[in-house]
Amino acid sequence: MAKDEPAPGAETDIDPELVSLGRTRKGIGPILGLSVLVLASYLMITLWPDLRYGLRYYSSSGNTPTDVALGADPTALTPNSYLTIHTQLDFTSTARLRGKQDTGHRLVAARGSAGRLWIAEEGEPGNVKLTYDDAYTGRLRRLDDMPWADDLRTYLAKTFGAQPHFVFPEALKGALPAVDVAGEPLDATADTRVGVDERVTDRVLITVVAGDQIKDEKGAAASLIEAGIIPTPAPTADASAKGGWTWDVPFPGGVEAARQALSDKGLASRTLAHPRVIRREGRWGELAVSADDVTIAGQRVPLSSVERVVVFVTPKVPKSAAVLFVGDTPGKYWWVPPLYVAMALISAAMIWAMILGFKRK
């Protein structure tokens, strides 16, 4: 048998019918296409607020924040806006919330907003940019849209509890106070703890401040003895702290007379004079105010002797609260519109691929 001759029984002809058969193109299956479509749709829904905010970066006026006057109602502001809000902060309601993989935010309530507006600054405390003009610029969002909204409420309730809110006699005007000195609404109930600070007639707390000439209690007492403020031998200071010593001194005429006497003796720069106060405590339901006096738990205090009323209210975060993310400019979201377009194209491609797959079947 020749070298190139086929072996007996071998098939040497090519089947033309097999050659005419085309290859089947599998394409994108329905499961894969649907999975990609669902993922792309989820990302598009999640990024929708960021898309709207990021589009400001591409507009002529979107990069300029809108000024909001101090005292504006936060619930009337449009979420997802780029704003400069002028407000002071209430540092009695401050929280730091940390994410799992970031430094978190410092959140401080805006004073007078009743917890309806929070200012969020990102980063560690040492890296936060100080603000001196009470103007905060950033992105406004609904607090309840944030994943840590409930964490903030829990933190405030567990960490702070009831906080003192001060009301001065000028604001009483014969009726129970509605707001504190900062304009913060007093959300008090009948069981809310209240204190009325009463000035003691003709007694003054005088504090001598430590300095180069006065370095100890003995030297502080000597300066008051020389001025005729306290008798000799000098009584022990009623209170002492780092940097000063305080005596409870009987003084006809009260604080103003004491300050004038200290000034006449050349001690004005070395001393502080404060009224001696006694706190009368009770509950909001036991508080009554008239034109001449304040009554708390049956104890009458002349209005002329009231130093202040202290109402202890637990910080609350209402459902309508908003949060301003300082430094969150539209330029930080420049990448969202291109990504959104890419997700839309991928979604359209998956839909078209699935339609073609069903047609082939």
| message | Which count do you get for residues in region 283-305 that are surrounded by 18 or more Cβ atoms within 10 Å (Cβ to Cβ) and in a strand (DSSP E or B)? | response | 5
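Let's see how each residue does on (1) among the small types (G, A, S); (2) buried (at least 17 other Cβ atoms within 10 Å of the Cβ); (3) free of Cβ contacts under 8 Å to residues at least 60 places away in the same chain:
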position	(1), (2), (3)
K319	no, no, no
A322	yes, yes, no
V326	no, yes, no
W334	no, no, no
P338	no, no, yes
L345	no, no, yes
A349	yes, no, yes
A353	yes, yes, no
L356	no, no, no
| field | Qualifying positions in region 160-201 - of a type in the set (D, E) and modelled with pLDDT of 90 or more | value | E170, D180, D191, D197, E198
| query | Among the residues of region 259-290, which ones are free of Cβ contacts under 8 Å to residues at least 12 places away in the same chain and charged (D, E, K, R)? | reply | D264
| note | Residue pairs within 6 Å by beta carbon, gap of at least six or interchain, first lying in region 203-217 and over 10 Å from W247 (Cβ atoms), second of a type in the set (K, R), listed first then second, are R203/R276; V209/R270
| When D73 is evaluated against the numbered criteria (1) more than 18 Å from P330 (Cα to Cα); (2) surrounded by 15 or more Cβ atoms within 10 Å (Cβ to Cβ), which criterion, by number, is the only one it fails? | (2)
| Hits in region 160-191 (condition: under 22 Å from A95 (Cβ atoms) and among the aliphatic types (A, V, I, L, M)) | A162, A182, L186
| said: Here is a check on your reading of the model: is A273 in contact with a strand residue (DSSP E or B) (Cβ under 8 Å, 6 or more places away or on another chain) and at positive phi? | reply: no
| Of everything in region 235-255 that's surrounded by fewer than 16 Cβ atoms within 10 Å (Cβ to Cβ) and over 42 Å from the mean Cα position of the chain (by Cα), which residue is nearest to V277 (Cα to Cα)? | P250
| field | Leading residue by the ranking (nearest to G243 (Cα to Cα)) among those in region 257-273 that are under 43 Å from the mean Cα position of the chain (by Cα) and surrounded by fewer than 16 Cβ atoms within 10 Å (Cβ to Cβ) | value | L272
| Out of curiosity, is D212 in a loop (DSSP other than H, G, I, E, B) and at pLDDT below 90? | yes
| Among the listed residues A188, A149, A182, which satisfies the condition of being under 25 Å from the mean Cα position of the chain (by Cα) and outside the structural domain of E307 (by TED's automatic domain parsing)? | A149
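The values are calculated or read from the model by the stated rules, or taken from the named source; none is laboratory data. The structure displayed is predicted, hence computed values, not measured ones. With ideal geometry, Cβ positions are generated from the backbone for all residues, glycine too; neighbour counts draw on all protein chains shown.
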